[in-house]
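Notes follow once the structure below has been shown.
A short reminder: the numbers here are calculations on the coordinates, not readings from a lab. Note that the structure is predicted; figures quoted are calculated from it, not measured. Glycine gets a Cβ as well: all are built from the backbone with ideal geometry, and neighbour counts include every protein chain shown.
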Amino acid sequence: MTEPEPGANPMPWAGRFTTGPDPALNRLTSSMAIDIRLLEHDIAATVAHAHTLRAAGLLDEAQVAAIGGACESIVGEFRSGSLSPDGADEDVHSLVERLLTERLGDTGARIHAGRSRNDLVATDLRLWCKHEAGTTARMTAGLIDGLVSVAEGHIATVMPGYTHLQRAQPVTLAFHAGAHAFALARDGRRFLEARRAADVSVLGAGALAGTTLPLEPSVAAAELGVERIFDNAMDAVSDRDFAMDFVYACAVCGVHLSRLAEEVVQWTSSEFSFARLADEWSTGSSMMPQKRNPDPAELTRGRAAGAIADLTGLLALVKGLPLSYNRDLQEDKSFVFAAGDRTKKSLEITTAVIGALRFDEGRMGEAAGQGAMWATDLAERLVGRGVPFRAAHEATGRLVAALEESGFELGAAPVELLKSIHPRFEQGDVAVADPSLGVSARTSHGGPAPARVEEQLTTLRGAAEALRRDAGAPLG
Ligand code: ARG
């Protein structure tokens, strides 16, 4: 980029000023390095605005066609990397307007009628959020697919279910994978909510208070394929709640991904040894030759901190701003772009990591058979025989203590021992020691019994399909 000559004034407000801005001020105000990413949306909004001007009789057909053609070549140059912003262009909006004016003369100089960079940037960012929220929703569906396919292969693979990270009740890997997938399905819907919130064109709001020109905002909205138009011009340029919705959805998804990542870290540790990460997704140590580290999971867990920071940053940025547009708002994009980029990366990495996990069914089954995790199911057998739950809980607790003391496993315990603790215990009760039996007996709604998990997987497959359908077509 070349700096403008001090004293020359290439800015769009040149009429009111005798000299141009100090180069240091230019460096402060320029957002080009960040908002150049909005270029294709800015071009789409510009073409849409040209149609609005045409409907208002302020451009003719040929002028709209000329603007459309010039816009197409700008996009082509941008994609091929041959577009070079000038140091004097404050932002992507100034860049596009300057190029149109240079290339089309009088026609280009007409494009900004009834338009401000305030309604333009507010539209561009909405288009960006709409597009990215569709992408993240689709990627969420891809990760749900990955978890469902782990579940399909492990409907009967028992493992410990934990509370307080203490072994609690046996579950299956399918049930556990499904639990993460349901959280992601809600994330996907949250992305679609954010997509809908952003699906608004605010072109026609002007700087803050509309225009005296006879512009009809629905013309641009239709051109942009956007569902709705703004209701109040001042609100339209002032608020960034649509971006907060997207960044919030990213933050919640980041938190969910970090919990899944944490379990990958645990499962692949020597202490758990429930799974191994394939070589392509493990890292080694520069010093300790034996190490296999789950770095991709750790980075996903760590990056959730950034997702939370972006949400906090964006909320703090807008808090306390008077209506309408304030230049502070220019800083919104770094939070929003970072949130979107990070979320896509974390979804991509997590999908790969899930596909790269090799589970050790033997180890998981062995762990599921330890720690008297049958105790709750056994107490419920007593309840089924008319014993009040509190008494059943107490008797089963005493049985656990007696077994610990006598050194018997439940499966090998003599019936007399059980009867001595509670007369309603029966010989057949020792069967609950088998974690598979415990799992298949827990047929309650949403439970881990294989038939119940099959239902959950059907729901998840439907949820992933719906996310893909509702996310809109991927843009080229
Ligand atoms: N670059 C600005 C932004 O991203 C848009 C320009 C609005 N500037 C102004 N002086 N009204 O928010």
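By the rule of a C-alpha distance below 24 Å, with chain neighbours fewer than 8 residues away ignored, the lysines paired with Lys344 are Lys130, Lys333.
Among 315-326, 221-232, sorting by the average number of other beta carbon atoms lying within 10 angstrom of each residue, highest first, gives 221-232, 315-326. The helix-only estimate of mean residue ellipticity at 222 nm for the chain, built from DSSP H runs of length n ≥ 4 each weighted as -39500 (n - 2.57), is -19500 deg cm²/dmol after division by the residue total. Over what distance in Å are the Cα centres of segment 95-154 and segment 332-380 separated? Taking the Cα centre of each part, segment 95-154 and segment 332-380 sit 32 Å apart.
Sequence-distant contacts, meaning Cα pairs under 8 Å at least 6 residues apart, place the relative contact order of the chain at 17 percent. The angle between the Cα long axis of helix 117-152 and the longest principal axis of the Cα atoms of the chain comes to about 20 degrees, rounded to the nearest 10. A protection proxy built from the mean count of other Cβ atoms within 10 Å ranks the segments 52-58, 131-137, most packed first, as 131-137, 52-58. Site pair Glu271 and Arg228 shows an inter-label distance of 4.8 nm when each label is modelled 7 Å from Cα along Cα→Cβ.
The angle between the Cα long axis of helix 92-104 and the longest principal axis of the Cα atoms of the chain comes to about 40 degrees, rounded to the nearest 10. Counting neighbouring beta carbons within 10 Å and listing from fewest to most, the residues Thr458, Thr123, Thr268 come out as Thr458, Thr268, Thr123. With respect to the chain, whose longest principal axis is taken over its alpha-carbon atoms, helix 332-355 is tilted by about 40°. Taking the fewest neighbouring Cβ atoms within 10 Å as the starting point, the ordered list for Leu417, Leu39, Leu184 is Leu417, Leu39, Leu184. Each of Met32, Met288 has some number of other Cβ atoms within 10 Å of its Cβ, and from fewest to most they run Met288, Met32.
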